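Trainee: Dropping a structure here in structure tokens format, bear with me for questions.
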Amino acid sequence: MSKETEKNPTEKVSRTLDQALRPDNWKEYVGQPTIKENLRILLTAAKGRNHQPEHVLLYGPPGLGKTTLAHLMTKEIGASMRSTSGPAIERVGDLASILTNLTAGDVLFIDEIHRLNRTIEEVLYPAMESGVLDIVIGKGPSARTVQLELPAFTLIAATTRISMLSAPLRSRFSGGTFRLQYYTEDEIAEILKRSAKILGIEIDKDSLQEIARRSRATPRTANYLLKRARDFAEVNEEKLDLKTVKKALALLEIDEGGLNQTDRDILTIIVEKFGGGPVGLKTVAASLSEEEDTIEEVHEPYLMQLGLLERSPRGRVVTAKGHEHIGAAPSKQTGALNV
């Protein structure tokens, strides 16, 4: 923690909680050691040559620190950051307005860049590669292209769905494409220790470890659970110890493996209605009255990471470990159709 924060911890908390818990420097950023070292070399080399750092793409599941890394990179080179997101850039004119308002040395951060449409991507190509913006004026035979020079800038993009980016766009991130990994339990506990200090929460090591164990290996989830455990203790006028943490997490329906109610429902439905699988995603979604994308992108990755669920060519299968987690005896697979 910086000296400024130690002198006045309430200054940080006066901002939104997410901002308050965001690391201010590289030393405070826990985890992702390989990515941090690669970025350090990239930024140090660029500063040494007095060049603008090359464009960087960060990808991985939500809540692992992509936006935080972008802020730290910006701070490292002493630049200003202009932030936007893929869904916010609806027209070519929106992107042109953003690019032409940049000043030399700025960092442009685009979150959810996979949601840019292809027309806007094509305008971005020359801006990233050659530092120019091609604007088409008029329509039909009288249309003409005007080329505007852009100031030197660095694009840092973040996405949870890298496969949805076109190959030409991915290839233009010459500074590197980096995949953020899930965190270890000890790394999460270290993050929680820092968060508790910033928020002024008195909590013991065992309680922090319990929250870390149920955090789905994700800092954002860990901080969310810490804040809710604090709220539970304050409202019920209880000491924030291991017993209170367990009661708070039970109220949130987070079990000892970090699974929420929907996670358990997925396993239970596949086991009880389809004999453990294989069963298709559409069938599971219909049985849960849940969207397919939500199951595939939010719930399944963690279930698979824990070894509770498998994806086969014929559909989803609950493993023996998954049966054990929900207290069901492993059943013979039915061979249900993957519909």
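The values are calculated or read from the model by the stated rules, or taken from the named source; none is laboratory data. This one's a predicted model, so the numbers in the text were calculated from it and none came from an experiment. Virtual Cβ from ideal backbone geometry, glycine too; neighbours counted across all protein chains shown. These area figures cover heavy atoms from the full protein model, side chains too; ligands, DNA and RNA do not enter into them. Shrake-Rupley method; radii C 1.70, N 1.55, O 1.52, S 1.80 Å.
Trainee: How about region 129-173: which of its residues are open to solvent by 70 Å² or more (accessible area, probe 1.4 Å) and at pLDDT 80 or above?
Mentor: Once the filter is applied, which keeps residues that are open to solvent by 70 Å² or more (accessible area, probe 1.4 Å) and at pLDDT 80 or above, region 129-173 yields 129, 130, 149, 161, 163, 164, 170, 171.
Trainee: When you look at residue 118, is it under 26 Å from residue 180 (Cα atoms) and surrounded by fewer than 16 Cβ atoms within 10 Å (Cβ to Cβ), yes or no?
Mentor: Yes, satisfied.
Trainee: In region 29-60, which residues are surrounded by 16 or more Cβ atoms within 10 Å (Cβ to Cβ) and either among the aliphatic types (A, V, I, L, M) or modelled with pLDDT under 85 (or both)?
Mentor: Scanning region 29-60 gives 30, 35, 39, 42, 43, 46, 56, 57, 58.
Trainee: In this structure, is residue 78 at positive phi, in contact with a strand residue (DSSP E or B) (Cβ under 9 Å, 6 or more places away or on another chain) and open to solvent by 10 Å² or more (accessible area, probe 1.4 Å)?
Mentor: It is false that residue 78 is at positive phi, in contact with a strand residue (DSSP E or B) (Cβ under 9 Å, 6 or more places away or on another chain) and open to solvent by 10 Å² or more (accessible area, probe 1.4 Å).
Trainee: Out of region 230-259, which residues are closer than 27 Å to residue 322 by Cα, touching a residue at least 24 places away in the same chain (Cβ under 8 Å) and either within 25 Å of the chain's Cα centre (by Cα) or open to solvent by less than 80 Å² (accessible area, probe 1.4 Å) (or both)? Break it down into steps so the answer makes sense when it comes.
Mentor: Going residue by residue through region 230-259, those that are closer than 27 Å to residue 322 by Cα are 242-243, 245-259.
Narrowing further to those that are touching a residue at least 24 places away in the same chain (Cβ under 8 Å): 242, 245-246, 249, 252, 254-259.
If the condition is that a residue be closer than 27 Å to residue 322 by Cα, touching a residue at least 24 places away in the same chain (Cβ under 8 Å) and either within 25 Å of the chain's Cα centre (by Cα) or open to solvent by less than 80 Å² (accessible area, probe 1.4 Å) (or both), then 242, 245, 249, 252, 254, 255, 256, 257, 258, 259 are the ones that fit.
Trainee: Next up: Tally the residues that are buried (at least 21 other Cβ atoms within 10 Å of the Cβ), of a type outside the set (A, V, I, L, M, F, W, C) and farther than 30 Å from residue 113 by Cβ, restricting the search to region 177-209.
Mentor: 1
Trainee: Here is a list: 256, 238, 300. Which entry is among the acidic types (Asp, Glu), part of a helix (DSSP H, G or I) and at pLDDT below 90?
Mentor: Result: 300 is the single residue among 256, 238, 300 that is among the acidic types (Asp, Glu), part of a helix (DSSP H, G or I) and at pLDDT below 90.
Trainee: Out of the helices (runs of 4 or more DSSP H) lying entirely within region 72-171, which hold 2 or more residues that are closer than 28 Å to residue 37 by Cβ and in contact with a Lys or Arg (Cβ under 7 Å, 6 or more places away or on another chain)? So that I can check it myself, show each step before the final result.
Mentor: On the way: elements: 92-100, 118-129, 167-171.
Answer list for region 72-171: 118-129.
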